[in-house]
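Student: Once you've had a glance at the structure underneath, I'll fire off some questions.
The values are calculated or read from the model by the stated rules, or taken from the named source; none is laboratory data. Predicted, not measured: the structure shown is a model, and the values here were computed from it. Here Cβ is always computed from backbone atoms with ideal geometry, including for glycine, and neighbour counts include all displayed protein chains.
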Amino acid sequence: MQGLWVYVRFKALQLGTIVDSDGIAAQHTANPIAIYDALNNQLCQLNPAALNQGLKIGMGLAAASALCAELTIIEYDADKESQQLLAIVQQLYGVTADISLDKPDGLYLRIDNMLRLYADIDSYWHTVQTLLSEFHYDYASAYSISAAKVLARARYNRISLEQRNWQQALRRCRLSHSALTEKQVTALQRVGISSFDDLFTQPLSAIAARFDGPMLRYLSELKGERFEQLTLYRPAQQFIRYSELLYEITLAERLLKPLEHLLQMLERYLIQRALVAFDLTVELHLRDKQQQQWQLHSAQGENRTQAWLTIAGVSVERLTLEAPVQGLTLKAQQLSHVVAANDDLFAGKQTQMTTLQLISRLQAKMGKQGVYQLQMAHDHRPEQLNQVVYPADGQWSASQKAPPVFSDRPSLLLKEPIPLTQASKVLTPPERIIAGWWSDSPCERDYFIAQNDEGQYLWVFRDHHNQWYIHGYFA
């Protein structure tokens, strides 16, 4: 793709996914932590505490363990780095349009088409760097995608609109910084070519006589004579973040601190896009590769860390861990746009929680099926008049006023009518109910309000067999 591109190469992405039991990120904890590449038998990522112990990138496992006995070693996982890279892209997409992932640790950002929105290239890059402030990375810009990557790997760490600048810097780079294979680099060195300056001064015909087509194509891409095709990132409206724990957690309550670290990332993601989440899924990565699901729900939708942390604090009391937890994945996949509340401008500040916030906390404490409301159904039969409604049904009402026709109904309705066995005085004319003839439980009764010798007010009825029953009591 033609244009000015910057390549960003991150140094310790997997290290950025690690938190301790207090929710402190690996970069800020006092515990020395190292990411170990078993394939090459060397340390590939170190936190500041490990560097202070004298450890270095590329050091072997045995030497590192001998130098620092307290070192926590975590095996390198490219998939976890790719997940963290995707999280970074989701943040950058709000300030730059054309982004391409170079998994597991690199990004391509197109600059030239963004300068219409920013005053100059420095303003654009300052905005990008602000979002990347918590990461360590190298970068470089060029009018060649391949050249930008080579310069970033050589730690050029400059951006410029001048084509001459990156071309001169590229000539000073070693061949080991390129995408050439070790076999190709060795073949070039055998003929006296050890840098890009040596390579570019050779006639193209001499290189074509010794090397294959892919290498010639790569050299054309480095010079900006040929343009590569990249797959541009297009965001999906979902949030997925992983955090690895420094130590195993066996008590469910101890999950709240690491979870808060993920919720803060979720808050930034949602607020930036004016979204709210109604349901969160926390995947608990247990020992021996097991997984356990922990569901969090908000009836009104939330995008703030503290609101979700309050719900989690109540819900965690019902959570029983099946095995020690080694990592967390937070997922928010059903997101909705924020709907502004229609509040009174002159109303006083509300210090109490809303009805939906109260429902959310009760559901976290008792489960979704433990919170429901009784509402009146469209049926005159007393046994069928009340129905159970859950908040998720969409029929929940903060208040419901009984129709006048039901104003004389008792506050206590018996589950089953019982025979009237004591003398009682009828106080009202009959209320005849004939309904349900279309169902298996028809009703044909005359209801009265009566008072017995003990002074109790009763709701009684007489059926079509002239038998009298008590169906409720007035409080």
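Student: Taking the options LYS149, LYS183, name whichever one is in a helix (DSSP H, G or I) and within 20 Å of SER100 (Cα to Cα).
Tutor: On the way: LYS183 fails: within 20 Å of SER100 (Cα to Cα).
Within the list LYS149, LYS183, the selection yields LYS149.
Student: Okay, next question. Can you find even one residue in region 195-213 that is over 30 Å from TYR269 (Cβ atoms), in contact with a strand residue (DSSP E or B) (Cβ under 7 Å, 6 or more places away or on another chain) and either free of Cβ contacts under 8 Å to residues at least 40 places away in the same chain or part of a helix (DSSP H, G or I) (or both)?
Tutor: yes
Student: Could you check region 79-120 and list, in sequence order, the residues that are polar (S, T, N, Q) and assigned to a loop (DSSP other than H, G, I, E, B)? Can you show your working first?
Tutor: As a first pass, look at region 79-120 and keep what is polar (S, T, N, Q): 82-84, 90-91, 96, 100, 113.
Listed by number, the list holds a single entry, THR96.
Student: Moving on to the next point. Just name the residue that is surrounded by the fewest Cβ atoms within 10 Å (Cβ to Cβ) out of those in region 299-339 that are among the hydroxyl-bearing types (Ser, Thr, Tyr) and over 25 Å from LEU86 (Cβ atoms). Break it down into steps so the answer makes sense when it comes.
Tutor: Taking region 299-339 as the starting set, the residues that turn out to be among the hydroxyl-bearing types (Ser, Thr, Tyr) are 305, 310, 315, 320, 329, 336.
If we keep only those that are over 25 Å from LEU86 (Cβ atoms) as well, we get 310, 315, 320.
Numbers: THR310: 18, SER315: 22, THR320: 6.
Within region 299-339, the match that is surrounded by the fewest Cβ atoms within 10 Å (Cβ to Cβ) is THR320.
Student: Next question. So if I check each of GLN238, GLN167, which one is modelled with pLDDT of 85 or more, closer than 30 Å to LEU284 by Cα and of a type outside the set (Val, Ile, Thr)?
Tutor: So the residue among GLN238, GLN167 that is modelled with pLDDT of 85 or more, closer than 30 Å to LEU284 by Cα and of a type outside the set (Val, Ile, Thr) is GLN238.
Student: Another question, if that's okay. Select from region 252-290 the residues that are free of Cβ contacts under 8 Å to residues at least 40 places away in the same chain and not acidic (Asp, Glu) and list them in ascending order.
Tutor: Matches in region 252-290: ILE271, ARG287, LYS289, GLN290.
Student: Also, I was wondering about something else. Going by the structure shown, is LEU280 under 30 Å from GLU75 (Cβ atoms) and surrounded by 18 or more Cβ atoms within 10 Å (Cβ to Cβ)? Talk me through it step by step, then tell me what you get.
Tutor: On the way: under 30 Å from GLU75 (Cβ atoms): yes; surrounded by 18 or more Cβ atoms within 10 Å (Cβ to Cβ): yes.
Answer is yes for this residue.
Student: Tell me yes or no: at least one residue of region 329-351 is modelled with pLDDT of 85 or more, basic (Lys, Arg) and either out of contact with any Leu (no Cβ under 8 Å at 6 or more places or on another chain) or not assigned by TED's automatic domain parsing to the domain that holds ASP20 (or both).
Tutor: Yes, because at least one residue in region 329-351 is modelled with pLDDT of 85 or more, basic (Lys, Arg) and either out of contact with any Leu (no Cβ under 8 Å at 6 or more places or on another chain) or not assigned by TED's automatic domain parsing to the domain that holds ASP20 (or both).
Student: Okay, next question. Within region 98-124, track down each residue that is within 13 Å of LEU4 (Cα to Cα) and out of contact with any Leu (no Cβ under 8 Å at 6 or more places or on another chain).
Tutor: Within region 98-124, ASN113, MET114, LEU115 qualify.
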